[in-house]
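Trainee: Pasting a structure here, questions to come.
Where a number appears in this text, it was derived from the coordinates with a stated rule and is not lab data. Not measured: the values here are computed from a predicted model. All Cβ positions, even for glycine, are placed from backbone atoms using ideal geometry, and neighbour counts span all protein chains on display.
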Amino acid sequence: MYDLWSAGDLAAVDTLFAPDYTNHTPLAGQRPGRDGVRQFIGRWRTAFPDVNVAVDLLVVDRDRAVVRWTSRGTQRGGLMGIPPSGRYITLSGITILVVRAGVIVESWQQWDIQPLLAAGDH
């Protein structure tokens, strides 16, 4: 996952996510499946080119994993209609994953968008 988020290796999507992957909480306009993962991470890395994503907590039970994560970076590009602020922003969230045969087949995400909104208020 580091290669995907922090290094921007979008080719890792095909290794980490199942061909029939389902995101149960996509953003408006986000394509389904693996293409949507590539689309979202590409947009995130464009908005935060120096992004660093850290796993703060990982809980695994059978085929499910819950990840508490923190993303840090300087907002150099727009994201979700929010113009670039030039500010260093820390965002956090929780992702629930279903993993089968070593690949992610489903996910749900919740994250705190308030720091991103507040940065745009200069």
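Trainee: Could I have the simple spin-label model distance between residue 22 and residue 121, label points 7 Å from Cα toward Cβ, reported in nm to one decimal?
Mentor: 3.8
Trainee: With Cβ to Cβ distances under 14 Å as the rule, what net charge do the other residues near residue 47 carry (K, R +1; D, E -1)?
Mentor: Once all neighbours under 14 Å are counted, the net charge is +4.
Trainee: Here is a further query. What is the Cα coordinate range of the chain on the first, second and third principal axes, sorted by size from largest, in whole angstrom?
Mentor: 46, 26, 24
Trainee: Expressed in nm to one decimal, what extension gain is obtained for the pair residue 103 and residue 7 from 0.36 nm per residue of sequence separation less their Cα-Cα distance?
Mentor: 32.6 nm
Trainee: On to the next question. Just want the ordering: 98, 60, 37, from fewest to most Cβ atoms lying within 10 Å of their own Cβ.
Mentor: By the 10 Å Cβ count, ascending, the order reads 60, 98, 37.
Trainee: Right, something else. Which one, 75, 17, 55, projects farthest toward the positive side of the charge dipole computed for the stretch 2-119 from Cβ point charges (K/R +1, D/E -1)?
Mentor: Going by the charge dipole, the pick is 75.
Trainee: Separate question: Provide the net charge surrounding residue 16, with neighbours chosen by a C-beta distance below 12 Å and charges set as Lys +1, Arg +1, Asp -1, Glu -1.
Mentor: -1
Trainee: With a sphere of radius 15 Å drawn around the Cβ of residue 82, what net charge do the other residues whose Cβ falls strictly inside it have (Lys, Arg +1; Asp, Glu -1)?
Mentor: Overall, the nearby charge balance is +1.
Trainee: If you don't mind, another one. Roughly how many debye, to the nearest 20, is the charge dipole of the chain about its Cα centre, given +1 on each Lys and Arg Cβ, -1 on each Asp and Glu Cβ, and no other charges?
Mentor: For the chain, the charge dipole is close to 160 debye.
Trainee: Please give the helix 33-47 orientation as an angle from the longest Cα principal axis of the chain, in degrees from 0 to 90, rounded to the nearest 10.
Mentor: 30
Trainee: What number, rounded to the nearest 500 deg cm²/dmol, is the helix-based mean residue ellipticity at 222 nm of the chain, given -39500 (n - 2.57) per DSSP H run of at least four residues and division by all its residues?
Mentor: Mean residue ellipticity at 222 nm (helix-derived): -6000 deg cm²/dmol.
Trainee: If you find the alpha carbon centre of the stretch 31-89 and of the stretch 94-122, how far apart are they in angstrom?
Mentor: Spelled out, the Cα-based centre of one part sits 7 Å from the other.
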